[in-house]
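For reference, the structure discussed in these notes is given below.
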Amino acid sequence: MDKKYLIGNWKMYKTIQEATSFMQHLLPQLEAIDRSSFTLFIAPAFVHLPAIGALLNGSTFMQLGAQNCHHEPEGAFTGEVSAAMLADIGVGGVLIGHSERRIYQKEDHRLLAKKVKRVLEKGMQPFLCCGESLEDRRNGRHKAVVQQQIQESLDGIKEIEKVAIAYEPVWAIGTGEVACLEVIEAMHSFIKEILWHQYGSKNVPILYGGSCNPQNAKAIFNCPNVAGGLIGGASLRVDDFIKIVTALLEQKDGTNCN
Ligand code: PGA
């Protein structure tokens, strides 16, 4: 069974007061949870990383995540943040190629491959996001699109087992429209096959993201090839996030989706 991960992606939400208050409510509730089987990440806006890091106080169970980083090590790139800067302040994992960045910032596969390398060079874990649009799925191109995203964004990566993938169908992100379990499981096992053929590895965790919430999390996490979740909207509310953490904790190994 793959190691499990849960990432709260706060996107461009929460003021510093809201972010610290969330953590002050969340952290005591996590005390009661068995921490051995998975790692939690919280990915606030860049500006909140040091404050949230101070509250986490070096916890290995819950780590700081970043939502992005630049693809060059340093330089004259106004407004950007490097992988080295993130590693320096204790970030453990970085989202790469979230569909919102692919769409709004026009990030392409070649750029993403450089970002993955930078993150690995600095000893952090890249969470490479992939997923098809509704149009791709309607045209039956979903597998080809995801295959291309993965192959090109991981081109030349040697430390494949330090990477995690997040499958997030674009049509399910922030829409409330969750992919059905068969769709999730079929794509996760397809991604496993790609990684096996391209890299000879069966040990790359594949997370699901897209309208995951306390009601559907348990069924999604019970799919055999789902190693956790990337949670947007539902990670903004402590009670919902805790319920999703609990759902992952209760995940049964080797079950069918149900
Ligand atoms: P969502 O977002 O859970 O709000 O659909 C997921 C994501 O964008 O990572």
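Checking HIS197 against (1) of a type outside the set (A, V, I, L, M); (2) open to solvent by 40 Å² or more (accessible area, probe 1.4 Å); (3) near the ligand (Cβ under 10 Å from one of its atoms); (4) not in a loop (DSSP other than H, G, I, E, B), only one condition comes out false. Which one? Tallying (1) of a type outside the set (A, V, I, L, M); (2) open to solvent by 40 Å² or more (accessible area, probe 1.4 Å); (3) near the ligand (Cβ under 10 Å from one of its atoms); (4) not in a loop (DSSP other than H, G, I, E, B), HIS197 fails exactly one: (3). For region 60-98, filtering for residues that are open to solvent by less than 40 Å² (accessible area, probe 1.4 Å), within 26 Å of LEU26 (Cβ to Cβ) and away from the ligand (no atom under 16 Å from the Cβ) leaves 9. Being surrounded by 15 or more Cβ atoms within 10 Å (Cβ to Cβ), over 17 Å from LYS143 (Cα atoms) and within 16 Å of the ligand (Cβ to nearest atom) is true of PRO205.
For region 213-235: of the residues being part of a loop (DSSP other than H, G, I, E, B) and open to solvent by 10 Å² or more (accessible area, probe 1.4 Å), which is farthest from ASN9 (Cα to Cα)?
Filtering region 213-235 for residues part of a loop (DSSP other than H, G, I, E, B) gives 213-216, 222-227, 232.
If we keep only those that are open to solvent by 10 Å² or more (accessible area, probe 1.4 Å) as well, we get 213-216, 224-225, 232.
On the way: ASN213: 13, PRO214: 16, GLN215: 18, ASN216: 18, PRO224: 23, ASN225: 21, GLY232: 5 Å.
It comes out as PRO224.
Only a single criterion out of (1) acidic (Asp, Glu); (2) over 23 Å from LYS106 (Cβ atoms); (3) open to solvent by 40 Å² or more (accessible area, probe 1.4 Å) is not satisfied by ASP155, namely (2). Report whether or not PHE41 is surrounded by 17 or more Cβ atoms within 10 Å (Cβ to Cβ) and farther than 24 Å from CYS130 by Cα. No: the conditions fail for PHE41.
For region 159-194, filtered to residues that are open to solvent by 40 Å² or more (accessible area, probe 1.4 Å) and part of a loop (DSSP other than H, G, I, E, B), the residue that is nearest to the ligand (Cβ to nearest atom) is GLY174.
Could you check region 34-55 and list, in sequence order, the residues that are modelled with pLDDT of 95 or more and closer than 19 Å to LYS3 by Cβ? Break it down into steps so the answer makes sense when it comes.
Taking region 34-55 first, the residues modelled with pLDDT of 95 or more are 40-55.
Correct list: LEU40, PHE41, ILE42, ALA43.
Do we find a residue being exposed (fewer than 14 other Cβ atoms within 10 Å of the Cβ), closer than 29 Å to VAL204 by Cα and more than 16 Å from the ligand (Cβ to nearest atom) anywhere in region 7-29? No. Once region 143-153 is narrowed to residues that are among the hydrophobic types (A, V, I, L, M, F, W, C) and more than 11 Å from CYS129 (Cα to Cα), the residue that is farthest from the ligand (Cβ to nearest atom) is ALA144. The set of residues in region 130-178 being over 16 Å from the mean Cα position of the chain (by Cα), within 26 Å of ASN216 (Cβ to Cβ) and β-branched (Val, Ile, Thr) consists of VAL145, THR175, VAL178.
Out of all the residues in region 103-124, which are open to solvent by 40 Å² or more (accessible area, probe 1.4 Å) and basic (Lys, Arg)? Correct list: LYS106, ARG110, LYS114, LYS117, ARG118, LYS122. Applying the criterion of being open to solvent by 20 Å² or more (accessible area, probe 1.4 Å) and in contact with a helix residue (DSSP H, G or I) (Cβ under 8 Å, 6 or more places away or on another chain) to the residues of region 237-258, the residue that is modelled with the lowest pLDDT is ASN258. The lone criterion from (1) more than 16 Å from the ligand (Cβ to nearest atom); (2) open to solvent by 50 Å² or more (accessible area, probe 1.4 Å); (3) assigned to a loop (DSSP other than H, G, I, E, B); (4) modelled with pLDDT under 95 left unmet by GLU135 is number (3).
Residues that are touching a residue at least 60 places away in the same chain (Cβ under 8 Å) and not hydrophobic (A, V, I, L, M, F, W, C) number at least 1 in the following helices (runs of 4 or more DSSP H) confined to region 1-110: 16-30, 99-104.
The values are calculated or read from the model by the stated rules, or taken from the named source; none is laboratory data. Being a predicted model, the structure only gives us computed values, none of them experimental. Cβ atoms come from the backbone with ideal geometry, glycine included; neighbour counts cover every protein chain shown. Areas reflect the complete protein model, heavy atoms only, side chains present, ligands, DNA and RNA absent. Shrake-Rupley method; radii C 1.70, N 1.55, O 1.52, S 1.80 Å.
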